[in-house]
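What follows draws every value from the coordinates through simple rules; no lab data is involved. Computed from a predicted model, the values in this text were never measured in an experiment. Cβ atoms come from the backbone with ideal geometry, glycine included; neighbour counts cover every protein chain shown.
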Amino acid sequence: MPKEQRAMIRQFRSQAPRLHQLMGRCADVRLACGEVLKVLTDFRSEHLKVAVRYVVNPKNRGSLTCPVTGKMAGSAASPHNISTKSHGTGGTEMSKLLKAIRDATKQLAASAQVA
């Protein structure tokens, strides 16, 4: 991860306790955060659909081809050798990871509405 991204994440994490405190005291902030989290949940759901449609399903059918070369991914002639399971860059099974992230975001959105 680039140094600038790590710094941004550290900054967000350092601000999180203050945001949670503000959400507890201010209904407008809580509602705004809830709306943002709902939109983020919708985005994560669409991202999951795209990943399943263009990665998981073609891979399960054995027809995952490189859009540039048209060659089958994983073949000796393809520079894009991949395993038979859909894993993310960290080795986690992709669709389970994306669903877990989406569900966690959905829970946060719900808690922002009732807190």
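Points to keep in mind about this one:
- Summarising the label geometry, the points placed 7 Å from Cα in the beta-carbon direction at Ile101 and Ala7 lie 2.4 nm from one another.
- Per-residue ³J(HN,Hα) for region 27-34, Karplus 6.51 cos²θ - 1.76 cosθ + 1.60, θ = phi - 60°, Hz, x for Gly and Pro: 4, 5, 5, 4, 5, 4, 5, x
- Label positions at His47 and Arg25, each projected 7 Å from the Cα along the C-beta direction, are separated by 3.2 nm.
- When every Cα-Cα distance of region 1-64 is counted in 10 angstrom steps from zero, the calculated P(r) takes the values 18, 24, 30, 19, 8, 1 percent.
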